Amino acid sequence: MQRYEAGETTQQIGNRYGISKTRVANILREQGITIRCQGLTGEQMIEAATLYNAGRSLAWLGARYGGSHTTVANALRRQGIPLRPRPGWS
């Protein structure tokens with residue numbers, strides 16, 4: 001609870017304790033904590049698009065912004081950027 005209130009994301013806390021960000025969010029809600037809207041800022045979205053188009057992975061970008069690959073993927077989709085197929089997927 002203290003880490004979240006100090007500004008860490010649910011992803012960062014989950015990584016620290018080896019649990020999912022969803023589980024962290026559920027624990028915080030059980031404690032009466034309101035979950036912050038997590039996502040990329042406008043500036044981060046522009047940078048993420050540039051880096052993704054240059055070949056960086058969603059996982060790499062998620063780590064860069066302290067979030068998940070899903071958060072980055074959603075931000076890129078909202079910008080109309082088509083996502084590359086995952087390696088090994090046809």
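Got a sec? Which of 86, 77 is part of a helix (DSSP H, G or I), out of contact with any Phe, Trp or Tyr (no Cβ under 8 Å at 6 or more places or on another chain) and open to solvent by 60 Å² or more (accessible area, probe 1.4 Å)? Working first, answer last.
Values: 86 fails: part of a helix (DSSP H, G or I).
Result: 77 is the single residue among 86, 77 that is part of a helix (DSSP H, G or I), out of contact with any Phe, Trp or Tyr (no Cβ under 8 Å at 6 or more places or on another chain) and open to solvent by 60 Å² or more (accessible area, probe 1.4 Å).
Counting only residues that are in a loop (DSSP other than H, G, I, E, B) and either in contact (Cβ under 8 Å) with a residue 40 or more places away in the chain or in contact with a helix residue (DSSP H, G or I) (Cβ under 8 Å, 6 or more places away or on another chain) (or both), which one in region 37-55 is least open to solvent (accessible area, probe 1.4 Å)? Reasoning before the result, please.
If we filter region 37-55 for residues that are in a loop (DSSP other than H, G, I, E, B), which is where we start, we get 37-41, 54-55.
Right, trim to either in contact (Cβ under 8 Å) with a residue 40 or more places away in the chain or in contact with a helix residue (DSSP H, G or I) (Cβ under 8 Å, 6 or more places away or on another chain) (or both) and you get 38-40.
On the way: 38: 79, 39: 48, 40: 28 Å².
Within region 37-55, the match that is least open to solvent (accessible area, probe 1.4 Å) is 40.
Can you tell me which residue among 51, 58 is modelled with pLDDT of 90 or more and in contact with a His (Cβ under 8 Å, 6 or more places away or on another chain)? Please lay out each step first, then the result.
Numbers: 51 fails: in contact with a His (Cβ under 8 Å, 6 or more places away or on another chain).
58 is the lone residue from the list that is modelled with pLDDT of 90 or more and in contact with a His (Cβ under 8 Å, 6 or more places away or on another chain).
Give 39, 14 a once-over and let me know the one that is touching a Ser or Thr at 6+ places or on another chain (Cβ under 7 Å), among the small types (Gly, Ala, Ser) and under 17 Å from residue 74 (Cα atoms).
After ruling out the rest, the residue left standing is 39.
The values are calculated or read from the model by the stated rules, or taken from the named source; none is laboratory data. For clarity, every value in this text was computed on a predicted model and none was experimentally measured. Don't worry about glycine lacking a Cβ; one is built from the backbone with ideal geometry, like all the others, and counts go over all protein chains shown. SASA here: full protein model, heavy atoms, side chains in, ligands and nucleic acids out. Shrake-Rupley method; radii C 1.70, N 1.55, O 1.52, S 1.80 Å.
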